[in-house]
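Worksheet: one structure, shown below.
The values are calculated or read from the model by the stated rules, or taken from the named source; none is laboratory data. Bear in mind the structure is a predicted one, so any value in this text is a computation, not a measurement. Please note: Cβ atoms are built from the backbone with ideal geometry, for glycine as well, and neighbour counts cover all protein chains shown.
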2 protein chains.
Amino acid sequence: MESLSKNKIKTIRALAMKKFRDKEGLFVVEGEKTVNEIIRLYPQLIDCIVTTSDQYSFDGSVYHTDESGMKQISSFKTAPDVLAVVHKPSFKEDLSGLIIALDDIQDPGNLGTIIRTADWFGVRTILCNQHTADVFNPKVIQSTMGAIFRVNVVYCDLKEKLETLNKKKYAAIMNGTDLYRADLVQDAVIIIGNEGNGVSTEIENLSDTGLTIPKFGESESLNAAMACGILLSHFRAQS
Amino acid sequence: MESLSKNKIKTIRALAMKKFRDKEGLFVVEGEKTVNEIIRLYPQLIDCIVTTSDQYSFDGSVYHTDESGMKQISSFKTAPDVLAVVHKPSFKEDLSGLIIALDDIQDPGNLGTIIRTADWFGVRTILCNQHTADVFNPKVIQSTMGAIFRVNVVYCDLKEKLETLNKKKYAAIMNGTDLYRADLVQDAVIIIGNEGNGVSTEIENLSDTGLTIPKFGESESLNAAMACGILLSHFRAQS
């Protein structure tokens, strides 16, 4: 096991920034659970592993570092014991079945949770407008719990894409049709909007039906990922 | 407007720890949106406001500090422009209608999201076992988006409480009754378990029905807050 050089530390640190992830085609996965899953399922995608353990069984490049080295390359307050530098998977735009469209989801945790939940409900593809958080952001990766390798996340001109998409289009909005009384077609796209502003007017105008999760209490809104998961579940309940 | 003394900084910093929150009966709310909501709805609960602005309109103690002072007292990587030190609201154990029981929810973000979602769906009370994250943790407060003042969060011996609770008890588990085919009684408690281990055997044994959200894809699990929100929504859809 080689020890981590200053140069390698610099390279891995740079991957915290989208610019460098795009340039190198690499991203960072932190923590034992997800790293183990990648080793098991997609070992061919691993560029290298960095660990604080003295022994680590992996058939590829493994670097050793101490806690302080790990702190330098981690994107989290609590640095992990192991991280992997991974080649980006190649996403396919598989538009079959129920899909999701994200119109400006800014919070990495929300995006990650949406991907994880989409995977649970068998959604193959998530379309994102260009202002949605980057899927390879370390906080997104953390929240996906491995689902990043099973759901296609495709960035596009969302307006253009939706205009030509031959599917029923449902947008999550505040004053739409009651979700519990709506007829939910499975060959559809569910559109989720920005955390603060909801779905933009431009995109809402392209939708066939606005859907609203009925409110029984006082909260001003639901978390965007939560709204997405609740919609997905009610769609699947009608399948 | 007084400027923030070193001593006051020390006192507010200490409120990041549960021990001091319990001792003082105070907690910290960060960020303009939630602080404004408290000023509007519960001004009587405010002990003091700390702000980086030169002018701040509030009829009570307001302290001024600069960015570096704010950094010292904030629990977040990005310090806010304003925070409030607030007296804990007094929670009532209102067991009417649909309620939630949390068996070891560890992640503050999950607890906060559960409280926000419970508020949306009109849940009056959340029972928590003693190992559940502290509701006055700054990260919980942040995720509740103000719902902390509208939902009663009651810590208790959960086993004891459930044993005497005269309600139908549903536990979120991995191999239970299909949520989409279950008969969902509204006078019920929904039990949500720990992020990693689910509902403990001891608590599961006290439940009448185990409920499972059907899986259509590959994810190993759903996020605990997400599972809670989806269950709540399907309960309300049958109301």
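Descriptive notes on the structure:
- Neighbours by Cβ (under 6 Å, 6+ apart or cross-chain): first from the range A:76-105, within 14 Å of chain B (Cβ to nearest Cβ) and loosely packed, with under 15 Cβ neighbours inside 10 Å; second assigned to a strand (DSSP E or B) and not β-branched (Val, Ile, Thr): A:Asp94/A:Asn152
- Residues being within 14 Å of chain A (Cβ to nearest Cβ) and either closer than 19 Å to B:Lys92 by Cβ or surrounded by 23 or more Cβ atoms within 10 Å (Cβ to Cβ) (or both) - total across the range B:144-164: 8
- Some residue of the range B:74-89 being charged (D, E, K, R), within 17 Å of the chain's Cα centre (by Cα) and not in a loop (DSSP other than H, G, I, E, B): no
- Residue within the range A:6-19 that is touching a Lys or Arg at 6+ places or on another chain (Cβ under 9 Å), within 20 Å of A:Ser90 (Cβ to Cβ), hydrophobic (A, V, I, L, M, F, W, C) and assigned to a strand (DSSP E or B) present: no
- Meets criteria (among the β-branched types (Val, Ile, Thr) and exposed (fewer than 13 other Cβ atoms within 10 Å of the Cβ)) for B:Thr65: no
- The single condition among (1) under 22 Å from the mean Cα position of the chain (by Cα); (2) part of a strand (DSSP E or B); (3) away from chain B (no Cβ under 14 Å) that A:Ala172 does not meet is (3).
- Checking every residue in the range B:231-239 against the condition of being aliphatic (A, V, I, L, M), outside any strand (DSSP E or B) and under 19 Å from the mean Cα position of the chain (by Cα) gives at least one match.
- Boolean, B:Phe136 is under 22 Å from B:Gly109 (Cβ atoms), more than 9 Å from chain A (Cβ to nearest Cβ) and either in contact (Cβ under 8 Å) with a residue 12 or more places away in the chain or part of a loop (DSSP other than H, G, I, E, B) (or both): yes
- Checked against (1) more than 14 Å from every other protein chain (Cβ to nearest Cβ); (2) under 25 Å from B:Lys88 (Cβ atoms); (3) in contact with a helix residue (DSSP H, G or I) (Cβ under 6 Å, 6 or more places away or on another chain), B:Val189 meets all criteria but (3).
- Lone unmet requirement of (1) touching a Ser or Thr at 6+ places or on another chain (Cβ under 8 Å); (2) over 15 Å from B:Asn129 (Cβ atoms); (3) away from every other protein chain (no Cβ under 14 Å) for B:His234: (3)
Here is a yes/no grid of residues against (1) more than 12 Å from B:Pro138 (Cβ to Cβ); (2) of a type in the set (Phe, Trp, Tyr); (3) outside the structural domain of B:Lys167 (by TED's automatic domain parsing):
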{"site": "B:Lys19", "(1), (2), (3)": "yes, no, yes"}
{"site": "B:Phe27", "(1), (2), (3)": "no, yes, yes"}
{"site": "B:Gly31", "(1), (2), (3)": "no, no, yes"}
{"site": "B:Gly60", "(1), (2), (3)": "yes, no, yes"}
{"site": "B:Asp66", "(1), (2), (3)": "yes, no, yes"}
{"site": "B:Pro80", "(1), (2), (3)": "no, no, yes"}
{"site": "B:Lys92", "(1), (2), (3)": "yes, no, yes"}
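- Long-range neighbours under 6 Å by Cβ, at least six apart or interchain, first residue facing chain B (nearest Cβ under 7 Å) and touching a residue at least 60 places away in the same chain (Cβ under 8 Å) within the range A:198-227, second part of a loop (DSSP other than H, G, I, E, B) and surrounded by 20 or more Cβ atoms within 10 Å (Cβ to Cβ): none
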